[in-house]
Every structure is written in C-alpha cells, then in structure tokens.
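Since every read-out is calculated from the coordinates, none of them should be taken as a lab result. Only a predicted model underlies this, so the values are computations on that prediction, with no experimental measurement involved. Every residue, glycine as well, gets a Cβ built from its backbone with ideal geometry; the counts of neighbours run over all protein chains shown.
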Amino acid sequence: MQFLERAALDALFDALRAEGRAVLGPTVVDGAIRLAPIDGAQDLPAGWTDAQGPGHYRLRRGGDATFDGYVVGPDSLKQVFFPSKETLYRAERRADGKLGFSPVLPDPGASAVLGVRACDLAAARIQRAALEGGPYAEPRHRARREAALIVAVNCTRPGALCFCASTETGPRVTEGADLVLTERPDGFLVEAPTQAGRAVLARLDTRPAAADEVAWVDDAMREAAANMGREVDLDGLPEQLFGRLDHARWKIVAERCLACGNCTSVCPTCFCSTSEHPSSIDGDEASRVRLWDSCFTEEHAYIHGGGFRPRTEDRYRQWLTHKVGAWVAQFGTSGCVGCGRCIAWCPVGIDLTEEIAALRQGEGIAALPAPPAHACATDEDLVPRAATVTRVERESDDVVTLHVAVDEGLQGVLPGRFCQVSLPGIGEVPISISGGDGALLEHTIRAVGRATDALCALSPGDAVGIRGPYGRAWPLEALAGRPVVVVAGGIGLAPLRGALRSMIARPDEFPEVHLCYGARSPADVLYAKELLGWMEVPTMHLHLTVDHASPAWLGHVGVVTRLLDARSVPAGASAMICGPEIMMRFTVERLAQLGVPDERTWVTMERNMQCATGFCGRCQYGPYFVCKDGPVFSFDQIRFLFGEEGY
Amino acid sequence: MSARPRLGIFKMASCDGCQLQLVGCEDELLAVAGALDIAFFAVATSKKDDGGRYDLALVEGSVSNEEQLAHLLDIRARSDFLVTIGACATSGGIQALRNWRDVDEMIRVVYATPSYIDTLATSTPIADHVPVDFELRGCPIDKGQLVELITAFLVGRRPAIRDESVCMECKRAGATCVLVAKGDPCLGPITHAGCGAICPRFGRGCYGCFGPKERAAASALAAHLASGGVPAEALVRKLRGFTAWAPAFRDASDALDEG
C-alpha cells in the first residue's frame, strides 16, 4: 500500500492521460453526482454531500473538501460497458437482391473510470456473467470492459440507502479494480492489485504507507460495514420468494408501483434490452438497434396474442423474484449489490429492503431447480447471415414452410432448436426448425404479426437473414429405446416434425411412435401429405383430431387430450409436447394419469425471445432463459412454475 | 408497390401543429413525398380532397362539432389505415377541458353572438367515434415518431413506438430525474414515451402531453406527490392538461377533485 498526497491527485489524471486514457469520473451535473468525462481533480465533487432517501436525492455543498460526503449517484459501470442504445448491425439490400449484413462493433479507446465503488465492481462482475458468461459472449461488452482501467474507492462513509455489507459486495473493494484509493484527510492510501494499476502507480510520486495507515484502512472498513443505512437478509430468499408467489405483499406494493422502469434503469446489474429495426423509407438500408428495456414494460413479456405479465404486481414480482431469487440459481449470486439506487430513484420511494423484509414474513418454501451449466462462451455478434429462400410450401391459409439456403451453411441444425429469421427494416423472429440440415433449413411460419406476415409473403429467390441455430434440441438419445408419444397442437407440430423424421429413420431405437395431433380445422392440418406418408410407416401411429370439423372430416373432433389413452400412450412411454401453454398443461396432466413421469415428459416453451443468446433477458423463466436453457425442457425442470400466472 | 400509396392528412378541432411537424421534417420530407402520393394535405398543398380512397390517413384534432363527426366518418370509410396524430386526436386535447364545464354557459359568457357557435358539449378523441389503426401521441407529435410511423407503414414493420414511461427515455438519455433530485412534480412515470424526455432533459417536470402510458398509475403517483405536500388542486391541474380526457388522467383527476 502506498500513500498519495491530496495535492498530488492531479498527477493521477496526468498518469492516466499519459497512457492515452480518456477519464470518466464522478462529477456534479444537474444536481446529482453523475459519471462523465472529467479533466482533472477540480471536476471531482469535493465537498459535496448527498442526502438520499426513498424517492429522494439532494446534493448540497458543505463540510470538508473531501470525497466522502457522497455515495453512488444514478450512474454505474453499466453505462460505460453496456450503453443505453447501440447499433448492433447494419443491413443493406444490394443491387443483386442479396442482403448484406455488417456488424457494428465498438472500437473503444483506452479509458479509465474513477471513483468506482465496491458495489459497482460486484455489479460489473454480475453483468459480465449475464453478457459474457456463456454459452455466448457479447463482444461489444467485452471490448468496452477490457478497454477500461478501474480506479476504485473504498467507501468510508456509507449512505442512508447503502446495504452492501448485507449483500457482501462492499464496502471494501476486493475485485475488479486496477487501483484502489482510500481517502484520509491528508491524502489517499493506494493499492494496485493489477499490473495495469501498478504501471499507473509507478508514474505517481507516492511513499509506502506506514503500518498505522494500513491498519487505519482496516478499521475504517470495519466501521463502514457497521454503519450501513439499510440491511437485508438474503439467506434462503430465492426459495422463500418462489414459495410465496401468492403473498399478499405483491398486491400491496403494486398499489404504489408505477411500473415506470426507473429501478431497473438505475440498477447496475439489470441487463434487459429490446431492439428496433430502423430503416430508410425505401427499406433498402436498415439496422438493428439495441436499447435498455425493463421487465416493468408491457412489451417486455409480449408475444403475439398477448403479454405474460399484464398486471403491475406480475411485473414487480417478476423483477424481485429474478433479482434476488432466480438470479442466484442462474449466476451463483444475487443480482442485488446493495447500492440502494432502486430505492433512491424510485419516483414513489418503494424500498426493496422493506419489501424483502415483508415477503420474508410468511409461509411457503419452493426449491429452485438448477439451470444447466454453460461451460464455454463463444463470441456472438448477433449479426444474421445472408440466406435465400429456395422453396415455399403453403401449409394452410396462414401457415407456410420456407426452405432456406444459408450461404455459409450452418452448424448444429437439430430438431427442437430455433433460428432468428430476419428481414431488414422489419424485424427478427425466433422460428423453430421444422426440418433440414446444415445446408438447408425448413421453417414453418404462421402469419401472426408484421414480421411473420412479411416472411409468409416471401417467394423463392428472396433474401432473408438467419442467425442460429440456438437453444436445446429434443433429447432423442435420451428418448431412444422406449415408446414415444408426440403431442402437438396447431403450429406446435413444426418443431416436432424434424424429431419425428429422425425417429422414423431410426426404427430400431424408436420402435413405437405415436403422434397425437390436434388442429383447429381439417384445413389447418400441417404437412398433410407427409402425414399421409407416415400412415404407411409401421413404427408410426397417427391420431388426429380437429376442434371444428368440416362435413368431409371423418376423424376425431375435440381437444387433443382426448386422443390420449392406453392405446396411444403405451406403458413405459416418454412424451414430447408442443402447443399452446394451456394445451400443454392439460396434456401433461393426462400423461401423468397414464403413467408418464415428469422427467420423461419433454415440452418446448415459447417466450418473448429477441436475442436468442441470453443477453436480452426477455425469456427469463425462473432459473432459466428459455432461449439458451430451453426451449426444450423436461417437465420436472419447469413444473414448479409452469402455468403460474404472470410468468 | 406499383402505384405510390395515397396519403391524406385531415384535421378536426386542432391547432395544425401536428401537421406542421410533417412540414418540419425537412430532411425526410422529400423522401416521404417520393414514396407516397400526398393526395390531400391542406396545410401544405392546394389540392382538394378528390373523394377517392386513402391508403394512409393521418387525422389531427378532436371531434368537437357535428360537421367534424360527419367528415370523420367519411374519411374512415375511404381510408385503409387510419392513424390519429396528436393529443387532440388521441385524447380530446386541451379543448376537452370543457367536458367538465357547462358549454352553453361558457358560450354565453365568451361570445358576443352565441348563436354563431355550433359545438358539441364535449371534445372527444377520434377513437371514441371510429376504429383507429394506430395512435401517435404528443402535443405536438414528435417528428422522429412521425417519420418512423410512415416508414414502418411503407416497409411493413410494426412502428418502433414504445408504450413505456417517459422515464425509460429519460434514463436512456442520461438525464437526472427532476422528481427525485429536485422534487419537481413530474408526470414522466405515468406518461407515454415518445418525446425523448424533452422536458426533464431541460430540467423541468413532464406535463403529460403524450397522455398516459399503458397501466398509468396516475392515482398512485398523485398520492405520492400529495404526501410530499403538493396540494390536491395543483395535482388536478397537472393531470388536466393537454390530455386531460384520457381515461387514466381523467379518472385520477376526478378522484382528486371529489376527494
């Protein structure tokens, strides 16, 4: 540990600039401590004091010309590493009709961020886990993170809303910093845990810290930890929250909550985003832009036909059960770092620590299943690959199957996985793989919105963009050797078709396959010709039903669960299901009655997936992200949450 | 598209300010004019309504008299995609303040010759009278959103017009919250985004000219502001501005008024 005179603080700026670093640091802007470009020590908020309370933040001048009078303002490293709005790629329609996609990747110059607190370094680690932790890594986030040198400060005077001691993320800086400063009246005790930090330190005129100064830091940190303005008990919280999804408190807090998204915007770990597809008026030039989103917006959980979280109580519960609940299962840590921002910047002053304390009062415990581990993280720039429609098959009035050739070919085309299919200027939609291999993809698409309308209107020769495939495939290896019951509703047959083809091709492993398929009407039956062919296959047994029969229809009428009986569900069978959630719920129940256990029942989930890589947070479902941990799940993985309103 | 889609821009009771936003789209106006056949736009061209069909109709203003209502029904019948633009068209506008008053009495007090005045007792949004395909909020509407709407219509995408709070835009823009840091009563948390948080970015509270966002908890915000010392009358005035008749603001202000 070294000692730096207060008067020499400008030398730190000189040292950082000598390395070519742009310096960001705390400074007073519009009545708050903000993180902004600064030139020297004179821009730092010396002598400023903040008064923070629920929904309340005021700055005033006064006291000593030191830096210990204030804690965090609304900004954090999130702004630096994960900007609120950025272009991900540009797309153009070339003269030959082909699409050209080019990534937009930042080229961040070297930077230094000053005055970062322990809570925010913990938050940066947690955001990194979400954006770079696997199976995909966001290269834009990494580039910005790696370009920054962090000059952290130990908090000696925590604020009224601070509770990092409870979350074990402060007040002492223990991670993520290149330099750590602890302020004393006469100067700063400086530690340099990294090589980059030591290089900066070497440029400064410092002296070794005396033993009593080193001891003083330890004392100051102990004292700070004992002087937190708030506290929270996170122990066992995930199990309590998920065991209390009907707790009366959710409704009580929803009476105050404005669902405005301020809490998530200032939270240094919240990472949810959405995307837009701006274009020129002729549509020939387009881009995809990512911007911060919030689980408090309606659109966050919206899929065609409706939203999963219409009520404010659903949204608050979603946020809290993720932040301090499912987050632990997903990332091994709570998503709360005790910075208090969500309390200060909530317009109506909802206090997370108070809500947690209230929710702890109650009954109910639910264990959360662990999500699958994603060992490696491959770079994912989120840029589609150019592809061409080679064939269009009309399946029904509003459903077509596109055959798509991807110029570069694709790895990992397996039934159950999905691709992001895009049209520049219109949008990207997740579409399951209904057939194909590395050279050719089949996507069966129902026209339910603007993007799917446009996709369904494509003709052979038209260009599209393809990203993927993503997600988890049907576990055919695990299913082999037993009878298999495939239950499909409507368009739900699409993600199952590839699996059915594979099982037909491997009769030794799949000697008895039952397909129970329900469509709205005979005209809505998908893949009619292929189904007729399957009727000739000895290992395949077809059971069809429609909701509304036409006069010529001689088969079953009614819901698909009525097809499930001892004949179609043989003893020892496993099951695969895809359809509307309500249909899947009744199907699972019926299958359980017929002896198919949860762990041998596989379902595929639909949520509002935009990035498909776990970055955008929109398909977060309990401990999972549907895009990367699913969309195929065994039912025992999701039983604890399945059908729960608001998820 | 072989023929260019026909665009008509119509007005009811309004100040023309929203139409002028299109004229003000200097950079994009030529592209818009190239992509669309601007068949009727009284503010900018001398062409008369030829009685034909419109692929896209932009309707400004509220329904304030019988003549406007008849005109609106006619436009709707001749338009494939009808978009209301601005606070008047989407909520009834500032002139909807009369909906709380006795119109006959006001006419007698204000006008020298009350018999010249032919008006309905209320000013109401377009969607109260005909089906509306999309609403563009604001007083006035935002140029960028207007261009996005037209582009999205032409290209065939869902317009990137987000029904979220002004706070989302405010935070993305890196503005300091005027409610929390200055105690300025700001309607941002309950107001539909689209303005780019222009008022908070210039240090003043939002006055709700884009109208309520979905699930606007106007009463909850009002209760909080009241607990901070803002008098009920001031809250009523705050909610009864350019979008006073929008249900979420109307109901909350009525509750305060009665309360």
For region A:476-604, state what percent of all Cα-Cα pairs lands in each successive 10 Å bin, counting from 0 Å until the bin that includes the largest distance. 14, 49, 33, 4, 0
Here the percent of antiparallel bridges among DSSP beta bridges lying wholly in the protein assembly as shown, to the nearest 5, is 60 percent
Dipole size in debye (nearest 20) for the protein assembly as shown around its Cα centre, Lys and Arg Cβ +1, Asp and Glu Cβ -1? 120 debye
How tilted is helix B:247-258 with respect to the longest principal axis of chain B? Cα atoms for both, answer in degrees (0 to 90, nearest 10). 30 degrees
In region B:1-61, what is the volume of the convex hull around the alpha carbon atoms, normalised per residue and reported in Å³? 81 Å³
Compactness index (Cα Rg / 2.2 N^0.38 Å), region A:276-340: 1.54
11 Å reach of a label modelled at A:R203, 7 Å along Cα-to-Cβ, counting backbone N of region A:1-29: A:11-23
To the nearest 0.05, how large is the calculated FRET efficiency for A:Q361 and B:E258 if R₀ is 45 Å and r is the Cβ-Cβ distance? 0.80
I need the shape label for region A:384-470. Rule: rounded when a/c is under 1.5, else prolate if a/b > b/c, else oblate, with a, b, c from the alpha carbon gyration tensor. rounded
Answer check: region A:134-241, Cα atoms, Kirkwood Rh, Rg/Rh ratio of 1.06
Three semi-axes of the equivalent ellipsoid, region A:539-625, Cα gyration tensor, whole Å, largest first: 29, 19, 11
Between A:F640 and A:A528, what FRET efficiency comes out of the Förster formula 1/(1 + (r/R0)^6) with R0 = 60 Å and r the beta carbon distance, rounded to 0.05? 0.95
Give, in nm to one decimal, the length gained when the segment between A:F586 and A:E255 is fully stretched (0.36 nm per residue of separation minus the Cα-Cα distance). 115.8 nm
Mind running the shape call on chain B? Use the C-alpha gyration tensor, a ≥ b ≥ c as the square roots of the eigenvalues: rounded below 1.5 for a/c, prolate if a/b tops b/c, oblate otherwise. oblate
So what's the back-of-envelope 222 nm ellipticity for chain A, counting only DSSP H runs of four-plus at -39500 (n - 2.57) apiece and dividing by all residues, rounded to 500? -7000 deg cm²/dmol
Using only C-alpha positions, report the orientation-averaged shadow area of the convex hull of region A:506-565, nm², one decimal. 4.5 nm²
Over the Cα atoms of the protein assembly as shown, how large are the radius of gyration and the largest Cα-Cα distance (Dmax), in Å? 30.1, 95
Percent antiparallel among DSSP beta bridges confined to region B:1-62, nearest 5, equals 10 percent
I want to verify a result. In a Gaussian network model of chain B, Cα cutoff 10 Å, which of these has the top mean-square fluctuation: B:A77, B:A112, B:A193? B:A112
Mind checking which helices in chain A clear 15 Å along their axis (Cα) and have mean Kyte-Doolittle hydropathy of 0.0 or more, DSSP H runs only? A:118-132, A:494-505, A:581-593
In a solvent-free Debye calculation with one equal scatterer on each Cα, what is log10 I(q)/I(0) for region A:194-254 at q = 0.21, 0.24 Å⁻¹, listed in the order of the q values? -0.99, -1.05
Report the label-to-label distance for B:D251 and B:A77 in nanometres (one decimal), using points 7 Å from each Cα along the Cα→Cβ vector. 3.5 nm
Chain A: Lys pairs at Cα distance under 26 angstrom, eight or more positions apart or on different chains: 6
A student applying the Cα gyration tensor rule (rounded when a/c is under 1.5; otherwise prolate if a/b is larger than b/c, oblate if not) would label region A:416-554 oblate
Just add up the charged neighbours of B:E67: K/R +1, D/E -1, any other residue whose Cβ is under 14 Å from the Cβ of B:E67. -2
Gap in Å between the Cα centre of region A:448-514 and the Cα centre of region A:522-569? 17 Å
Zone of A:H548 (label point 7 Å along Cα→Cβ, backbone N under 15 Å): which residues in region A:501-535? A:519-525
Pick from B:F41, B:F249, B:F210 the residue whose mean-square fluctuation is largest in a GNM of chain B, springs joining Cα atoms under 10 Å. B:F41
Please find, in a Gaussian network model of chain B (springs between Cα atoms separated by less than 10 Å), the residue of B:T124, B:T113, B:T176 whose mean-square fluctuation is greatest. B:T113
